[in-house]
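Asks: This structure is in structure tokens; I'll ask about it shortly.
The values are calculated or read from the model by the stated rules, or taken from the named source; none is laboratory data. The structure displayed is predicted, hence computed values, not measured ones. Backbone-built Cβ (ideal geometry, glycine too); neighbour counts: all protein chains shown.
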Amino acid sequence: MTEQFDLECMRFAIKEARRSVHKADRVHPQVGAVVAHEGKRLASACHGDLGAPCDHAEFTVLEKVLENRVLVGCTVYTTLEPCTTRNHPKYPCVGHIIGHQVSRVVIGMLDPNQAITGKGILQLRKAGIAVELFPRDLMAEVEELNRHFIRQQAAQAAIVTGTAVKGTQYGFSSIFDSSAQDCVVVAQNLRTLISAGFLEHIGPVLERGTKVAIVLTTFEAMSAISEAARDHYIETIRDLTRFVGDLPEVSRKRLRICFHPGATSLSAMVRRDEHRERMVFTPKFATDTDPDNRVFCVVDRRDNREIYDRLTAHLTYIMQPSALTLETMAKRLGIK
Ligand SMILES: [Zn+2]
């Protein structure tokens, strides 16, 4: 195999990456993957190819295009380090590559997501697969193509400190456990949480006596983002109105839902209890990137007073008495 052919395949993978299709709701990487054997390109794909906007390029080319083929002797050229973790029932791309018995993988850039960085390479090496990187100029091209993604991941890494824990089921259970007396949930439009079963979870929490506040951003702020964001928002208001309508009176009194534009910049779930105060904080850029790797920061007042106080001040600001109520918002959007 000539070095020339290798370079052609890398360039083709970058070309594929440029075609990536994404769900509009968050920032995804641009990824392209090519499979080649003895100087011939067998197949290629991009992120979100074949009408499936959540599918990874390596998964698509291996499982959908080449299906069950054993790929001994083949090289996979991928512009991003293959992932090592995905939510069940999805399977990480490293596993797909190993499963197909690929002999060599050439990678465009490391995954800037610190939950993955370097792990993809290590796991491939452990499986006896040769791993190489794109040459410097092509790597720079891939990084340029993914600059928004890299910036977001870097910002997330800066906030996530040694106290960060990975969320399970979006961390509901750890936040709304029986010692929580008072919880606040701040989100842009709550769509992701609602589809993860948030409302079903919150009903019993209210019944148990925990006070819950939900603060969302305003319709105007969401509409400015995109039409899809606007539609999601309306859907949320409809879901919340229905949810509140079905609540027993005593639970309804424990729930406050309000709207403030200041909620745009913060996604957080906060619990306060009698003995210790800690804030489980989900940075917005963390919720926007792959939920498979959602990270929560636990800010404990005892060892991080400054951040804790700053976040508390922000909560007071967005929950001020003049904040819009659900009733007003629903009326404004014509929802009954
Ligand atoms: Zn993947």
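Asks: State all residues of segment 313-336 that are surrounded by 11 or more Cβ atoms within 10 Å (Cβ to Cβ) and part of a helix (DSSP H, G or I); if no residue qualifies, say none.
Replies: His314, Leu315, Tyr317, Ile318, Leu326, Glu327, Thr328, Met329, Ala330, Lys331, Arg332
Asks: Please work out which residue is surrounded by the fewest Cβ atoms within 10 Å (Cβ to Cβ), limiting yourself to segment 113-148 and to residues that are under 23 Å from the mean Cα position of the chain (by Cα) and of a type in the set (A, V, I, L, M, F, W, C).
Replies: Within segment 113-148, the match that is surrounded by the fewest Cβ atoms within 10 Å (Cβ to Cβ) is Ala115.
Asks: With respect to the numbered conditions (1) in a helix (DSSP H, G or I); (2) touching a helix residue (DSSP H, G or I) at 6+ places or on another chain (Cβ under 7 Å); (3) of a type outside the set (Asp, Glu), which one is the sole condition not fulfilled by Ile257?
Replies: In the conditions (1) in a helix (DSSP H, G or I); (2) touching a helix residue (DSSP H, G or I) at 6+ places or on another chain (Cβ under 7 Å); (3) of a type outside the set (Asp, Glu), Ile257 misses (1) alone.
Asks: Filter segment 37-60 down to the residues that are within 20 Å of Val72 (Cβ to Cβ) and surrounded by fewer than 24 Cβ atoms within 10 Å (Cβ to Cβ) and list them by number.
Replies: His37, Glu38, Gly39, Lys40, Arg41, Leu42, Ala43, Ser44
Asks: Could you please find all residues in segment 100-112 being of a type outside the set (A, V, I, L, M) and more than 18 Å from the chain's Cα centre (by Cα)?
Replies: So the first thing to find is which residues in segment 100-112 are of a type outside the set (A, V, I, L, M), and the list is 100-101, 103-104, 108, 111-112.
Passing the criteria: His100, Gln101, Ser103, Arg104, Gly108.
Here is a yes/no grid of residues against (1) among the basic types (Lys, Arg); (2) at pLDDT 90 or above; (3) more than 22 Å from Thr84 (Cα to Cα); (4) in contact with a Pro (Cβ under 7 Å, 6 or more places away or on another chain):
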| residue | (1), (2), (3), (4) |
| --- | --- |
| Ile121 | no, yes, no, no |
| Gln153 | no, no, no, yes |
| Gln181 | no, no, yes, no |
| Glu220 | no, no, yes, no |
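Asks: Sort out which residues of segment 112-121 are within 12 Å of the ligand (Cβ to nearest atom), without any contact (Cβ under 8 Å) to a residue 40 or more places away in the chain and either outside any helix (DSSP H, G or I) or closer than 11 Å to Tyr77 by Cα (or both), and write them in order of number.
Replies: none
Asks: Is segment 156-179 home to any residue that is modelled with pLDDT of 80 or more and assigned to a helix (DSSP H, G or I)?
Replies: At the first step, the residues of segment 156-179 found to be modelled with pLDDT of 80 or more are none.
There is no residue in segment 156-179 that is modelled with pLDDT of 80 or more and assigned to a helix (DSSP H, G or I).
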